[in-house]
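First the structure, then my questions, so here it is.
The values are calculated or read from the model by the stated rules, or taken from the named source; none is laboratory data. All values derive from a computational prediction rather than experimental measurement. Note that each Cβ is placed from the backbone with ideal geometry, even for glycine, and that neighbours are counted across all protein chains shown.
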Amino acid sequence: MKQKNNSYIGIIVLFLLGALMPFILKRYHLNMLTEIIIFALYAVSYNLLLGYAGLLSFGHAMFFGLGAFVAAVAITHIQGLTLLSAVIISFATTVIAGFLIGSLLLRHKGSYFALLTLAFNALFYAVATKWHSVTGGDDGLSISRPELNLGFTSLSVSSVSSFYYLILVVVGATILFCWYFTHTAMGKTVLLMRENEERMKFLGYNTNISRLILFTFTGALAGLAGAFYTLHFQFVSISAISIDMTTAVLLMVFIGGTGTFWGPILGAFVYIVFQNYLSNITDRWPLFMGIIFVFMVLYVPGGLSHTIMTIRQWFSGRKDNHGDGPIKVEETSS
Amino acid sequence: MKRSIIRTLCFLSVALIVSLPMSAVAQDTIKIGATEPLSGTFKDIGERYLDGVKYAAKVINESGGLLGKKVEVVPIDSELKPDVATRKAQNLILKDDVKFFCGGTGSSVGAAMSQLAQRENVIMFTYGMAAATMTGAKCNKNFFRACANTDQQSYALAELIARNGYGKVAIIAQDYSFGQEALAAFKKKLARANPSAKIVAELYHPAGTKDYAPYISQIIAAKPDVIFTPNWGNDLTLLLKQGRPMGMSQKIFSYYINDLVTIQALGDDSLMIGNMGAEVYTLSIPTKKNEEFVARFYKDMGYYPTWLRGKAYLATMFWAEAVKKAGTTDVNAVIKAWEGLTYDGPAGLWTMRACDHQTQMPLWFTEIAKENKFFKHAFEVSAGMATAQSVEVPCEETGCPGLAK
Amino acid sequence: MIDYLHIKDIHKDFSGLQVLTGVDFKVIEKEHHAVIGPNGAGKTTLFNIISGKFKASSGAIMFKGQDLSGKPPHTLNRYGLSRSFQITNVFNELSVFENILTGVRSRYGLRYNFFKRPDHNLSIIEKTKAIIKEIGLEDVSDLPASSLSYGQQRALEIGITLSTEPELILLDEPTAGMTREETGQAINLIDRVTANRTLIIIEHDMDVVFSLADTISVLHYGKILASGAPEEIRNDQRVKDAYLGEG
């Protein structure tokens with residue numbers, strides 16, 4: 001129970017610290033932090049799929065992009081749509097899409113599954129490119145961020161700091177829920193399926209349904225991240241649904257490490273900061289990102305989080321390994 | 001692990017604050033962000049435009065700056081992607097409070113930048129994006145165009161064809177919005193300028209077509225006097241390369257015929273000689289101011305301010321005039337000052353029309369000839385001009401609801 | 001009267017290879033039933049068919065009047081069937097506690113819940129602890145399964161099988177690879193935990209069979225050669241010829 005209290009205190013401290021940021025950071029950095037939080041959700045959703053369930057998908061961007069486009073299209077076409085309604089429409093669409101695509105693809109395993117997700121992503125991309133009248137094709141869609149309607153009052157979230165607070169609370173809470181999710185019955189079921197799927201079946205778990213539910217859930221989380229991405233940039237183009245966006249999430253997750261829940265959050269931070277600085281310095285920043293990726297995969301396969309854990313264990317040498325109990329699995333997965 | 005999440009995030013937040021360099025640059029410069037593709041396939045186009053903007057800044061700075069401040073060009077590699085361009089531009093606005101942006105490549109980038117400019121209340125102007133809708137149905141008060149749009153260029157070439165008395169015209173274009181808009185405008189103007197002229201063939205091909213033989217046979221069969229095409233890049237060079245040997249010998253009237261890179265890439269003067277074009281800036285403009293500008297540029301840089309360089313230079317100088325007139329960098333003041341402003345530069349008298357922010361200017365005709373002032377190979381010579389009035393699209397016809405108050 | 005469990009004329013061939021050719025026997029409720037037979041007789045195949053891992057080529061598995069043949073393992077588990085594995089099949093990285101918990105929460109219907117934490121549910125925790133106590137692993141409850149001794153892992157294997165509170169337990173060679181001493185303990189354990197439940201057990205070790213089983217069926221070349229009380233089987237001439245005599 002001590003640990004439980006600690007984590008609650010930690011969460012409160014974290015949110016308070018987050019709430020202070022607009023007073024400390026410049027607008028530019030606050031804007032970047034907003035972006036980091038949004039991409040952290042995207043990375044966390046992917047890690048639930050890859051790190052926890054062991055499903056390698058090359059098509060996560062189709063959900064991110066779908067969420068992003070649905071939000072933009074809804075805001076463009078529905079007069080007076082509030083911000084949260086747009087997000088909910090987007091979320092609901094990706095839930096349906098995730099369920100349908102999952103039912104089709106999850107019959108296949110391993111590399112077949114991975115290749116099929118890649119193919120589906122390419123299909124989504126092609127549709128977004130060609131369906132000019134809805135998606136704007138190459139031109140993309142510009143939107144204006146709608147107001148936040150809280151029932152009794154409407155708040156404008158057009159400024160950098162007010163939007164940051166919205167993201168901190170809504171996306172932050174969603175990430176927090178993802179963390180909680182890894183401890184719930186479903187979260188554990190998914191994790192154990194990767195450990196020993198056969199045994200799970202013989203213990204009464206329908207593993208096919210579980211996988212479908214998880215695929216749908218992570219897809220919807222990615223869609224949610226996509227919707228907030230649209231709201232953040234107030235613009236969406238086919239880049240959001242392209243293979244590049246899948247590559248981006250792979251990079252974030254691999255840089256941060258799949259072994260821990262927070263690894264991908266760290267990965268999103270590093271990725272966005274690097275992208276911002278590198279792309280200002282050199283037009284070949286994707287090359288440098290690629291080199292970092294290869295380096296990470298070859299020499300630091302557990303990602304930054306693994307390195308940090310190792311260093312921490314060095315310093316507190318006496319710390320016994322078994323104290324963490326259920327977490328053990330997460331740390332040893334890769 | 002729970003504690004480690006918290007620790008890491010605390011660490012991250014602190015790192016974010018500490019690691020970021022403080023950009024405490026005093027406001028002694030006027031920054032202008034130039035969104036161009038500076039990597040990838042269209043790198044070459046983007047770099048030539050950027051060259052022109054930078055040269056304009058150099059000229060301004062050497063003559064005492066703008067409002068006493070230096071103009072600093074911040075290149076933004078758009079990668080020709082609207083999301084990349086707007087993201088970087090947004091960062092510049094937040095970081096350095098940049099208020100002015102420009103760009104010449106990619107109507108998709110332009111449309112997104114135009115929206116961003118309106119939202120953030122900054123100014124975006126273009127010296128190369130030609131889609132008429134940007135100052136038409138999609139116009140907004142923060143977006144200015146200091147070059148010709150598809151309507152004006154098609155009008156000018158239709159005018160030229162009518163003036164020379166050609167009666168039968170074949171027209172061919174890439175099958176997407178740009179090509180379609182260009183042909184539509186051309187037909188409209190030709191019908192007015194020479195009602196007896198006939199379009200004997202109207203063809204569309206996918207952008208990036210490799211085999212033009214089917215189109216060329218149709219053109220030859222239609223026996224036109226001349227051919228009009230807004231094609232550019234490979235779609236222009238392949239049309240010429242494959243068409244001439246097949247016997248398509250007619251003069252070609254094209255938007256961008258005076259592109260040095262295209263001419264040099266073709267490497268065969270006989271394919272190009274006799275073709276004609278119309279642009280807001282060409283090297284051969286026979287004005288005193290232009291001769292001075294070309295001479296000075298050549299002296300400074302060692303090469304000519306051909307086409308894109310010249311267009312970007314002129315537009316940037318026009319913008320500087322607006323800032324000068326406003327006497328401040330306040331965006332609303334500059335918008336107000338630019339509306340209706342005239343600029344008498346190397347390419348004649350330019351006027352920024354208030355109703356749609358589309359510059360009204362003369363277009364200069366060129367013909368490709370063996371003997372020219374600039375190069376040993378075939379290049380443009382001056383072939384007259386279309387007055388601003390003759391290529392003007394009335395405010396009511398642009399589709400822009402009207403910007404002036 | 002409806003039979004408790006009737007394995008009815010089960011055939012199984014693997015692309016032409018006939019492994020089971022009409023296995024047919026009945027199991028009475030609360031009975032401890034052993035299936036014995038020489039290697040390659042098809043015992044494990046039969047087990048896999050009863051537990052839903054394989055589908056029979058023909059035949060039926062009638063459980064309390066319902067045909068369960070062809071149903072997937074997770075469905076069978078909810079009917080009250082649970083099996084163990086010959087080769088230890090546990091969650092290696094998890095603690096003993098978590099291993100057992102996984103089955104217990106399945107029994108309590110906490111499989112796919114997005115909001116409830118199984119480790120916060122008191123009755124599940126109690127039940128898990130009770131099972132761990134039953135299999136004698138209280139001392140190592142927090143250790144990962146991979147760090148247990150072989151005997152302990154086998155006990156855990158049985159514990160997981162029990163964790164969904166089945167009424168029909170299928171044990172696949174539970175004492176395989178054990179020392180004499182460990183085997184003795186395992187027999188005690190199995191005897192204890194399967195009291196009042198129906199048990200089907202596959203076993204090589206005749207000591208185990210004769211100390212646990214009420215009824216024995218002998219599987220020989222894909223068919224049941226004989227079925228009866230241990231004494232009958234011991235004295236059956238066909239069985240002696242085919243199996244016991246040799247070994």
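Within segment B:248-259, is there a residue that is basic (K, R), buried (at least 17 other Cβ atoms within 10 Å of the Cβ) and not assigned by TED's automatic domain parsing to the domain that holds B:F125?
Yes, the conditions are met somewhere in segment B:248-259.
Let me ask another. Can you name every residue in segment A:122-150 that is part of a helix (DSSP H, G or I) and acidic (D, E)?
Hits for segment A:122-150 are A:D138, A:D139.
Which residue is nearest to the other protein chains (Cβ to nearest Cβ), if the candidates are limited to segment A:152-205 and must be among the small types (G, A, S) and in contact with an Asp or Glu (Cβ under 8 Å, 6 or more places away or on another chain)?
Per the criteria, the residue is A:S156.
Here's a follow-up. Output the residues belonging to segment A:16-46 that are within 25 Å of A:T207 (Cβ to Cβ) and within 13 Å of chain B (Cβ to nearest Cβ).
Answer for segment A:16-46, where residues must be within 25 Å of A:T207 (Cβ to Cβ) and within 13 Å of chain B (Cβ to nearest Cβ): just A:V44.
Determine, yes or no, whether A:F58 is at pLDDT 85 or above, surrounded by fewer than 17 Cβ atoms within 10 Å (Cβ to Cβ) and more than 7 Å from every other protein chain (Cβ to nearest Cβ).
Criteria not met by A:F58.
Would it be correct to say that A:L304 is modelled with pLDDT of 80 or more, surrounded by 11 or more Cβ atoms within 10 Å (Cβ to Cβ) and either more than 14 Å from chain C (Cβ to nearest Cβ) or part of a loop (DSSP other than H, G, I, E, B) (or both)?
In short, yes.
So which residues in segment A:178-195 are surrounded by fewer than 20 Cβ atoms within 10 Å (Cβ to Cβ) and either in a loop (DSSP other than H, G, I, E, B) or in contact with a strand residue (DSSP E or B) (Cβ under 8 Å, 6 or more places away or on another chain) (or both)?
A:H183
Within segment B:317-324, can one find any residue that is surrounded by fewer than 18 Cβ atoms within 10 Å (Cβ to Cβ) and at pLDDT 90 or above?
Within segment B:317-324, one or more residues are surrounded by fewer than 18 Cβ atoms within 10 Å (Cβ to Cβ) and at pLDDT 90 or above.
Right, something else. Could you grab me the full set of residues in segment B:30-52 that are touching a Lys or Arg at 6+ places or on another chain (Cβ under 6 Å) and charged (D, E, K, R)?
If the condition is that a residue be touching a Lys or Arg at 6+ places or on another chain (Cβ under 6 Å) and charged (D, E, K, R), then B:R48, B:D51 are the ones that fit.
Tell me which residues, restricted to segment C:48-62, are surrounded by 15 or more Cβ atoms within 10 Å (Cβ to Cβ) and of a type in the set (G, A, S).
C:S51, C:G52, C:A56, C:S57, C:G59, C:A60
Just to be sure before I move on: is B:G40 within 24 Å of B:W319 (Cβ to Cβ), at pLDDT 55 or above and of a type outside the set (F, W, Y) in the structure I sent?
In short, no.
Can you pull out every residue in segment C:63-97 that is surrounded by fewer than 24 Cβ atoms within 10 Å (Cβ to Cβ), over 19 Å from the mean Cα position of the chain (by Cα) and facing chain A (nearest Cβ under 10 Å)?
Once the filter is applied, which keeps residues that are surrounded by fewer than 24 Cβ atoms within 10 Å (Cβ to Cβ), over 19 Å from the mean Cα position of the chain (by Cα) and facing chain A (nearest Cβ under 10 Å), segment C:63-97 yields C:N92, C:E93, C:S95, C:F97.
So is B:N275 over 22 Å from B:A131 (Cβ atoms), of a type in the set (S, T, N, Q) and either buried (at least 16 other Cβ atoms within 10 Å of the Cβ) or not assigned by TED's automatic domain parsing to the domain that holds B:L157 (or both) or not?
For B:N275, the condition - over 22 Å from B:A131 (Cβ atoms), of a type in the set (S, T, N, Q) and either buried (at least 16 other Cβ atoms within 10 Å of the Cβ) or not assigned by TED's automatic domain parsing to the domain that holds B:L157 (or both) - is met.
Separate question: Please identify the pairs in which a residue from segment B:386-405 that is small (G, A, S) has its Cβ atom under 6 Å from the Cβ atom of a residue that is not in a loop (DSSP other than H, G, I, E, B), counting only partners at least 6 apart or on another chain.
B:A386/B:A156; B:A386/B:E159; B:A386/B:L363; B:A388/B:Q360; B:S390/B:E159
Across segment A:222-237, what is the total count of residues that are closer than 15 Å to A:P146 by Cα and in a helix (DSSP H, G or I)?
Result for segment A:222-237: 7.
For segment C:1-110, which fully contained helices (runs of 4 or more DSSP H) count at least 3 residues that are in contact with a strand residue (DSSP E or B) (Cβ under 8 Å, 6 or more places away or on another chain)?
Counting at least 3 such residues, we get C:43-50.
Picking from B:F101, B:F42, which residue would you name as being closer than 27 Å to B:N149 by Cα, of a type in the set (A, V, I, L, M, F, W, C) and away from every other protein chain (no Cβ under 14 Å)?
Exactly one residue qualifies, and that residue is B:F101.
If you don't mind, another one. Output the residues belonging to segment B:114-129 that are touching a Cys at 6+ places or on another chain (Cβ under 9 Å) and either in a helix (DSSP H, G or I) or touching a residue at least 60 places away in the same chain (Cβ under 8 Å) (or both).
Matches in segment B:114-129: B:S114, B:I123, B:F125, B:T126, B:Y127, B:G128.
So, one more: Take B:G267 and tell me if it is over 21 Å from the mean Cα position of the chain (by Cα), under 20 Å from B:H377 (Cα atoms) and of a type in the set (G, A, S).
Criteria met by B:G267.
One line per residue, one yes/no per condition, for (1) in the same structural domain as B:R296 (by TED's automatic domain parsing); (2) of a type in the set (D, E, K, R); (3) surrounded by 21 or more Cβ atoms within 10 Å (Cβ to Cβ):
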position	(1), (2), (3)
B:A34	yes, no, yes
B:Y55	yes, no, yes
B:G68	yes, no, no
B:D83	yes, yes, yes
B:T86	yes, no, yes
B:A89	yes, no, yes
B:G110	yes, no, yes
B:A132	yes, no, yes
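Spot the failing condition for C:R180; the list is (1) in contact (Cβ under 8 Å) with a residue 40 or more places away in the chain; (2) surrounded by fewer than 19 Cβ atoms within 10 Å (Cβ to Cβ), and only one is missed.
It is condition (1) that C:R180 fails.
Please pick out the residue among B:N231, B:N258, B:N194 that is out of contact with any His (no Cβ under 6 Å at 6 or more places or on another chain), free of Cβ contacts under 8 Å to residues at least 60 places away in the same chain and under 23 Å from B:F375 (Cβ atoms).
Being out of contact with any His (no Cβ under 6 Å at 6 or more places or on another chain), free of Cβ contacts under 8 Å to residues at least 60 places away in the same chain and under 23 Å from B:F375 (Cβ atoms) holds for just one of B:N231, B:N258, B:N194, which is B:N231.
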